[in-house]
Structures are given as structure tokens and as C-alpha cells.
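The structure appears below as C-alpha cells.
What follows draws every value from the coordinates through simple rules; no lab data is involved. Nothing here was measured: the structure is a model prediction, and the numbers come from that model. No Cβ is skipped: glycine too gets one built from the backbone with ideal geometry, and neighbour counts run over all protein chains shown.
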Amino acid sequence: MSYHPFSDSTEASSSGGIGGASTISSTVDSVMTGRPSMNSHRSSHSQDLTFKSATGAGAHPGAAGASLFGPSSPSTDILNGSGTLQGSISPHAQHPLSPSGSTLSGTNTIGVSKTSASHDEQVLAALPISTSFDEATLRALCDMECGTPLLYDRIKQSIISAQATSTFFKKRATIEEDYARSLMKLSRSTAESYAAGEGKAGTFVSSWQHMMRTHDQLGENRLRFAVKLGEMSEELATLSKEVDKNRKQARETGLRLERNLQDSEASVEKARTRFDATAEDLERLLLLKSGESTKSGEIQSSGPPGKRTLGKAIGKSGLLFKNKNPQQILKQEEDIRSRTSTASDAFRKEVLATQGVRQEYFNLQLPRILRALKESSEEIDNGLQYHLTRYAFLYESTILGDGMAVSPIPAVEGNPGLKTAAESIDNRTDFRTFMSNYQIVHARDYRGPRREGPYEEGFLNNPAMSGLASAKSTSAPSTKLTRPIFGVHLADQMARDGVEIPPILEKCAEAIEAVGLQNMGIYRLSGTTSKVQKLKGKFDADWNGVDLMNDEAINDINIVAGCLKLWFRELPEPLMTWELYQGFIDAAKVENDRLRHIRMHERVNDLPDANYATLKYLMGHLDKIRSESDHNQMSISNLAIVFGPTLLSPPPADLSTHHASNGTGLGDNAANAGGADAAAGALGGAQLQDMSWQCKAVETILERYAAIFVDEGEE
């Protein structure tokens with residue numbers, strides 16, 4: 001009688017041991033029917049991504065869970081060696097444009113620094129980007145065999161595009177920065193060189209200055225644009241690095257999970273092999289007990305196609321039971337049944353464990369990795385689009401800023417624009433002003449032919465006319481300078497003009513405070529000598545008609561400062577007087593600061609009224625210069641070095657030797673002359689020795705300006 005080892009048998013079921021053939025058959029059938037096809041596992045689970053709760057003792061611990069795409073899906077990390085996720089990929093990470101989503105430290109999810117993002121809200125508002133995650137695309141990726149490598153390649157393409165854009169921004173920033181700095185350097189150097197040259201004055205100077213300032217502003221606009229481009233380049237480079245890091249980490253995690261699944265499937269095959277071997281031994285034993293022939297030619301498989309065929313293996317196994325008594329065969333049967341049961345349990349356990357690993361991989365871990373990769377792809381794509389849109393916005397703003405600088409609408413005070421500045425040039429007015437100034441300064445120096453000769457018809461025949469002409473010719477030169485201010489005693493010119501402050505001091509100080517407070521090295525640098533002398537001639541000719549703000553000297557404020565210093569130097573007596581010279585020097589030598597201040601205050605109060613008022617105004621002006629020392633580099637000590645020897649100089653040698661040289665006989669002239677020369681030499685040495693104290697005196701007065709000159713009510 002032919003018997004299949006997995007068919008039901010009364011004799012087998014009634015035999016002793018741990019179970020008959022029916023037990024083995026039911027075990028194998030139940031295990032094999034619960035094992036999904038290795039080639040169809042993806043399609044069998046991707047139709048429904050809702051992972052239902054598993055039942056039974058063999059359920060995998062990770063099989064329980066909620067809908068992956070639902071809001072209650074658990075948040076996990078990238079898988080580590082133990083099978084749990086770790087790292088920066090989360091199955092429910094925020095969308096790149098979500099306010100709370102962030103994957104880059106110090107940046108938002110599109111690779112923008114927090115500082116830059118706060119200024120670009122209108123750029124974000126203009127982006128046509130959806131803020132919802134595309135779940136349908138994710139499901140389609142889960143159904144695809146090549147979903148993971150597809151995302152790897154897509155992210156790689158996006159990274160290459162972002163890096164190319166970052167490189168473009170960086171090179172464009174370098175070009176813009178070079179252009180901006182060159183333009184600013186050109187405009188400033190041109191303005192300085194024109195001020196030092198002999199170019200036209202008047203309205204042309206004002207227009208030229210506006211044009212140079214406009215070009216300087218254009219350079220500043222481009223420099224700001226270059227800075228923004230550099231920031232965008234760095235942000236894109238950082239975003240590319242972070243996304244590439246996440247891509248590699250997700251790739252490693254996916255490979256690790258695939259290896260885990262492959263290892264689990266290999267374990268199932270090994271358990272299956274062990275189970276098959278023990279089952280075959282049990283079948284052979286049952287066949288021997290039932291009295292079936294063990295000849296290899298008579299043993300056939302009665303099962304359906306696909307079942308095992310014992311073949312020659314069973315025929316040969318008959319030798320194992322030859323010459324054994326029934327007790328030995330029974331004991332061997334029990335041992336084989338025990339091993340078969342153990343192999344069956346192990347096989348069942350491996351199959352259930354593999355099912356759990358497979359279900360977790362395809363229903364949980366793989367969708368999480370795909371979601372994280374898709375979010376990384378959207379992050380870099382949206383970030384790249386944002387930066388390109390921001391670039392267009394910044395470029396447009398820069399061009400509009402350049403346009404507003406060239407032609408403001410409406411015209412801004414202080415910046416009329418290039419066209420308006422060019423149209424404001426009045427050549428006729430400039431020429432008339434040039435004629436007037438030229439005649440004042442150079443007319444007396446020019447010695448050309450006269451229109452009328454000294455001897456006109458009837459001149460010699462009329463003595464009265466001859467005398468009148470002579471009187472005119474002798475008095476004409478005296479009308480050239482009616483009220484000179486250079487080389488005139490301070491008290492005399494102030495009394496003559498009826499002023500409390502010398503007009504030249506007021507005009508020059510106001511001009512310097514208007515345009516030169518921050519000028520580097522003001523008062524230390526000298527203007528062009530010829531232009532300083534020209535401005536001096538204008539003040540001597542008619543100080544009341546000098547308008548420095550519309551004069552060519554305003555182009556180089558050092559000319560105005562040089563003219564003011566020249567006026568102080570040409571005073572017949574220094575501002576702080578010869579009489580008080582030694583008192584100021586002695587006060588400067590006092591070591592104690594408080595006492596030196598008191599002594600200096602006393603000497604200042606001893607000055608004549610005209611000198612006191614002038615010194616007070618000058619120190620107030622220099623105090624304003626000092627307050628801008630961070631820009632003009634003119635500290636109190638630097639100003640004292642410039643004005644010390646000018647305001648406080650020793651009396652000349654002839655005053656010291658006046659009494660020694662007078663009241664002597666003619667025979668003593670040589671001796672007197674020698675004594676005067678010796679006194680002059682000693683005085684010159686003393687002047688050099690006192691120079692540091694002269695500067696110290698002026699430094700103390702300027703340092704204590706408020707305490708010496710400013711009353712409490714004036715503050």
C-alpha cells in the first residue's frame with residue numbers, strides 16, 4: 001500500500017510519541033500557507049499602508065501601529081543597529097515651508113539664515129509653493145520597485161543644481177564687489193583731484209560734487225547687493241551639504257534595513273532545511289513501521305505536484321533500521337519526533353518573525369525613509385527656487401535703487417540726480433562770478449597797457465587838471481584794500497568793523513563744520529598754497545562779500561582751514577598775547593591736573609576782551625572737531641600740536657633787546673649788535689624748548705573748554 005508521509009493515517013495517528021503524521025502535516029501546511037511569496041511581498045502589502053494590530057503569540061513586537069499617514073503615526077528616528085530609527089529623518093517632519101519645521105541649525109528649512117529670512121517675507125509670499133505634503137506621490141513611490149533609488153538620484157540632481165547656483169552667486173558677488181569698490185574709489189579720487197586742481201567753480205562745482213556723490217551711492221548699492229549675494233551663496237552651499245548628509249544617512253539606513261530583511265529570510269530558509277530533514281527522517285520511520293517496501297524502485301510520491309519525492313534517499317535509509325529491535329526503533333522514533341517538533345517550532349518562529357520584519361519594513365520603515373527623502377528633495381528644491389526668486393527680487397531692487405539715485409522721483413533734497421545736476425549748471429553766472437573774483441584778486445598784479453595815457457589832449461595846458469590827475473594817480477592804490485583783515489591787530493579790526501567775533505573766523509568755522517567735520521586730518525593737512533592765497537585776497541578785498549559755501553575753495557575744505565590758520569599766524573601779536581606768554585607757559589608746567597586747570601583758567605581770564613571772545617569761539621569750534629576724532633583723526637593732542645605755536649608764541653627778539661640796543665653811543669654799535677644777536681639766538685632756543693609747553697597750554701584749554709568758557713546757563 002502506498003502512503004504519502006503527510007496524508008492522514010489511522011495507524012500513524014494511533015501510534016505513540018508526540019504526534020502522528022497528521023500533526024506534521026497540519027504543522028507544515030499551516031506554516032507554509034502563512035508564508036507569503038518572496039517575489040510578491042511588496043505588492044501584497046503596498047495596497048493598504050495601514051498597519052493593523054497583529055494577533056497571536058508569534059506576532060512581531062513592531063507589528064502594532066496606527067496608520068502611517070495619519071496624524072497619530074509615531075515619530076521615530078533613523079534605524080540604528082538594533083532596528084530603531086535615529087538621526088534627522090522623521091516620518092512626520094514638517095513641510096519645508098512649515099513655520100515649525102527645521103532641519104538645519106541656524107537656518108530655516110529652505111536654507112535661509114534667520115536674519116536674512118526676516119527681511120524677505122515678501123519673497124516667500126510670492127513663491128508659488130504648496131504648503132501641504134503630497135501623500136499621493138508618496139503612495140506611488142511606495143508602490144514602485146525603484147522608489148528609493150529614484151529619490152536618491154533626484155536629490156543628487158537637486159544638489160548639483162544648488163551647488164551650481166551657489167557658485168554663480170559667489171562669482172557674481174565678486175564681480176559686483178570689484179565693480180562697486182572701483183566705482184567708489186573712482187568717484188572719491190576724482191572729487192579730491194578736482195578739488196586740488198584749477199577747475200571751474202560756481203554752479204559747475206556743485207553739480208560735479210552731486211554727480212560724484214551719486215556715483216559713490218551707486219557703488220554702495222552694488223556693494224550691498226554683493227554682500228547679499230555672498231550670503232545667499234553660503235546659505236545654498238550649507239543647504240546642499242545638509243541635504244546630501246541626510247541623503248547619505250537615509251541611504252545607509254535603507255541598506256541596513258534591507259540587509260536585516262535578507263538576513264531574516266535567509267534564517268527562514270535555514271530553518272526550512274532543518275525542518276525538511278527531520279520530517280523526512282520521521283516519514284521514513286513511519287513507512288518502515290507500516291511494513292511498506294523500502295526498495296527505491298517501488299517508492300513513489302502519491303502527493304500532488306510540488307510535494308517532496310523521497311526517491312533513493314528513503315531507499316538508502318532502510319539501512320539505518322536494519323538489525324534493530326522494536327525497542328530501539330521506538331526510541332529512535334521518539335527522538336526523531338522530538339527533533340521534528342523542535343524544528344517545526346523554530347521554523348514557525350522564523351517565518352512569523354520574518355513576516356513581522358517584512359511588514360514593518362514595507363508598511364512602516366520604507367515609507368518613513370521615502371517620506372524623509374521626499375521632504376529633503378522638496379526642501380532643496382524649494383530652497384533653490386526661493387534663492388533664485390530672492391536673487392531676482394534683490395537684483396530688481398538694486399536696479400531700481402540705481403535708477404532712483406540717478407533720477408529720484410520726486411527729487412530729494414541734497415540728491416537732485418544726474419540729469420538735474422547737469423541741468424543746474426549756469427555757465428553765464430559762473431563766468432560773471434569768475435570775472436568779479438579775478439578782477440579783485442589779479443587786477444592789481446597785471447601790468448598791461450592802459451586804455452588812457454598819462455598825457456591826454458589839453459592836459460599840459462591845464463595845471464588844475466594836471467594836479468587833479470596827479471592826486472588821482474597817487475590816491476588810486478590806497479582804495480584797493482579798504483578794510484584788510486590779514487596782518488591787522490585783532491582789537492583794531494574788530495573795533496573798525498563793529499563785530500564781536502572776527503568775520504573770517506565765523507565764516508571759515510561755519511564752512512568747516514558744514515562739510516569738513518569728518519574730513520581726515522582737518523587743520524593738519526594744508527591746502528594748495530596758491531588757492532589759500534587766492535582766498536586770502538578775497539577776504540582782504542571784501543570779507544563781507546565772501547560766500548564760502550558757493551566758493552571754489554569749498555571743494556577742498558583744507559583750503560578754508562589753511563586760510564584761517566594763515567590769518568592767525570599773520571596777526572601782529574598772537575591771540576594769547578606776548579604779555580601773558582610766560583604766565584601760560586608756567587601754568588602749563590604745573591604737574592597737578594586740577595591746579596594746572598585753575599592756573600590756565602586764570603590766565604585766560606586775563607586776556608583782553610577781543611582776544612578772550614576770539615579764543616572762546618575758536619575753542620568751541622575745535623571742540624566740535626575733536627568730537628569727530630573717530631572719523632577725522634584729530635584728537636585734542638593733534639589739534640594742540642597744530643594750534644599751540646600759532647596761538648601762543650614767544651615775543652620777538654627785538655622786543656627783548658630793545659632796551660639794550662637803545663641809548664648807546666655810536667662806538668658801541670658793534671658790541672650792541674653782537675649782544676642783540678646773542679639774545680636772539682638764546683630766544684630762538686627758548687622758543688624751541690617751550691614748544692611742548694605751548695602745545696600743553698592749548699591742549700589744557702581745549703580739554704577744559706566747557707569748564708573755562710561755557711557757563712551753566714549756556715549748556
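Summary table below
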{"item": "Label-to-label distance, nm, for residues given as Phe168 and Asp606 (7 Å Cα→Cβ offset)", "result": "7.9 nm"}
{"item": "Environment charge of Ala587, counting only residues whose C-beta is closer than 15 Å and scoring Lys/Arg +1, Asp/Glu -1", "result": "-2"}
{"item": "Residues of segment 153-182 with amide N under 15 Å of the 7 Å Cα→Cβ point at Lys241", "result": "163, 166-167"}
{"item": "Translational diffusion coefficient (Stokes-Einstein; Kirkwood radius from C-alpha pairs) of segment 509-588 at 20 °C, 1.002 mPa s, in µm²/s", "result": "153 µm²/s"}
{"item": "Paramagnetic reach from Asn427 (point 7 Å along Cα→Cβ, amide N under 17 Å) across segment 189-222", "result": "199-208"}
{"item": "Leu535, Leu400 arranged by Cβ crowding within 10 Å, fewest neighbours leading", "result": "Leu400, Leu535"}
{"item": "Segment 328-379 - Rg over Rh from alpha carbon coordinates, Kirkwood radius", "result": "1.52"}
{"item": "Greater than 21 Å apart at Cα, pairs in Lys200/Lys624; Lys534/Lys624; Lys241/Lys374; Lys200/Lys534", "result": "Lys200/Lys624; Lys534/Lys624"}
{"item": "Least to most buried among Lys241, Lys538 (fewest other Cβ within 10 Å first)", "result": "Lys241, Lys538"}
{"item": "Estimated FRET transfer efficiency when R0 is 35 angstrom, pair Lys289-Glu269 (beta carbons, to 0.05)", "result": "0.70"}
{"item": "Stretch gain in nm, segment Asp276-Ala140, where the contour uses 0.36 nm per residue and the Cα spacing is subtracted", "result": "45.0 nm"}
{"item": "Using a Förster distance of 30 Å, the FRET efficiency for Glu573-Ser526 (Cβ separation, nearest 0.05)", "result": "0.80"}
{"item": "Separation of the Glu628 and Glu252 label points, Cα + 7 Å toward Cβ, nm", "result": "6.1 nm"}
{"item": "Lys/Arg +1, Asp/Glu -1 at C-beta; segment 529-614 dipole; positive extreme among Gln582, Trp543, Gln533", "result": "Gln582"}
{"item": "Difference of contour (0.36 nm per residue) and Cα-Cα distance, Asn592 to Val710", "result": "40.2 nm"}
{"item": "Residues Val406, Val243, sorted so that the one with the fewest Cβ neighbours within 10 Å comes first", "result": "Val406, Val243"}
{"item": "Rough spin-label spacing in nm, given labels placed 7 Å along Cα→Cβ, for Leu388 and Ser161", "result": "0.6 nm"}
